[in-house]
Amino acid sequence: MILQKRNRILRQSPAIRAMVSETILSPNDFIVPLFIDEGENVQTEISSMPGYYRRSLDLTIKEVKELWSMGLKSVLIFVKAKEETKDNKGTEAINPNGLMQRSIKAIKDAVPEMLVMTDVALDPYSSFGHDGIVENNEIVNDATVEVLAMMSVSHAAAGADFVAPSDMMDGRIGAIRKALEENNFTKTGIMSYSAKYASCFYGPFRNALDSAPGFGDKKTYQMDYRNRIEAIKETLLDIEEGADIVMVKPALSYLDIIREVKNAVNVPVSAYNISGEYAMIKAAAKMGWIDEDKAILETLTSIKRSGADLIATYFAKDAAKLLMK
């Protein structure tokens, strides 16, 4: 048999495979989520996310300096609000001296070139654990958007480079952009969670911030996982309203959505490799069923291959180390 084309020629050695590889991971691809708590010298491992921690601000600063030294240049901040500060108005969310606002300032003072992105949603501050204001057991849209806009301005005033609305309220990107412009924060970017699905894989994250909904679920504002076209509609609307970067969340069960979004837009696309996805790999590796290091790189490569320009992932630090080898 005479073959006209032998495709295996391009697979026969590590050097050839590296030379012709189509998808290259880099620390520049990663956004590092950080969980911040009140107090000093506090480091609490999140039980459902082995090897990941909620830290007080002093230890967070040390972590950020280490991340920067590893070539990781972007962090996404989440804070754990004290129970006594939670209400149904988002009061603590717009507190200029709140933990989020203090954290932004401290990180920018310690590592000025680190790109600081901030979570914009009310669930960590809500007595109901929902992403919006609750009236008669309904998460109301427009009143929530008003608070999200104020929250975004407070983050920009503290020094945030990007605000990242994760709430999925209608019209919030336009309202946030308008508020930023009116307050002269014309350099503050918006990374919108444009296609955020109601997913069972968020559980460990909610443990990390004690932000599980107190009643019902989030299906009236987060997207139905059975829908594809809706994701494109939501994303295009966010871009029209002023989003600079758009996000698909979760990542692994939605690789097709990432590709659809990438094909439809002309702005950077990010994807969130979420807590449940992290926990599954950690659990399987602990049982000896998979090689953790290989699973990390294969997973992150698949997300980038699907079309993500940026990946928020709890594996960022591990991946950066593996890529240095």
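The values are calculated or read from the model by the stated rules, or taken from the named source; none is laboratory data. Source: prediction; values computed, not measured. With ideal geometry, Cβ positions are generated from the backbone for all residues, glycine too; neighbour counts draw on all protein chains shown. Heads up: the accessible areas ignore ligands, DNA and RNA and are worked out on the full protein's heavy atoms, side chains in. Shrake-Rupley method; radii C 1.70, N 1.55, O 1.52, S 1.80 Å.
A few notes on this one:
- Qualifying positions in region 302-325 - more than 16 Å from the chain's Cα centre (by Cα) and more than 12 Å from A251 (Cβ to Cβ): D318, A319, A320, K321, L322, L323, M324, K325
- Residue in region 307-323 that is open to solvent by less than 50 Å² (accessible area, probe 1.4 Å) and without any contact (Cβ under 8 Å) to a residue 12 or more places away in the chain present: no
- In this structure, V134 does not qualify as open to solvent by 10 Å² or more (accessible area, probe 1.4 Å) and not in a strand (DSSP E or B).
- Qualifying residue in region 20-37 (condition: open to solvent by 90 Å² or more (accessible area, probe 1.4 Å) and over 26 Å from A156 (Cα atoms)): yes
- Hits in region 65-85 (condition: more than 19 Å from S152 (Cβ to Cβ) and buried (at least 21 other Cβ atoms within 10 Å of the Cβ)): L67, L72
- Set side by side, the residues T220, T235 differ, and just one is polar (S, T, N, Q), open to solvent by 10 Å² or more (accessible area, probe 1.4 Å) and farther than 29 Å from E45 by Cα, which is T220.
- Inspection of region 135-155 identifies at least one residue that is at pLDDT 95 or above and acidic (D, E).
- Options S48, S56: the member that is touching a Gly at 6+ places or on another chain (Cβ under 8 Å) and under 21 Å from V116 (Cβ atoms): S56
For (1) of a type outside the set (D, E, K, R); (2) closer than 29 Å to S47 by Cα; (3) open to solvent by less than 30 Å² (accessible area, probe 1.4 Å), each residue gets a yes or a no:
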position	(1), (2), (3)
T144	yes, no, yes
L148	yes, no, yes
M151	yes, no, yes
D161	no, no, no
P165	yes, yes, yes
I173	yes, no, yes
E182	no, no, no
T188	yes, no, yes
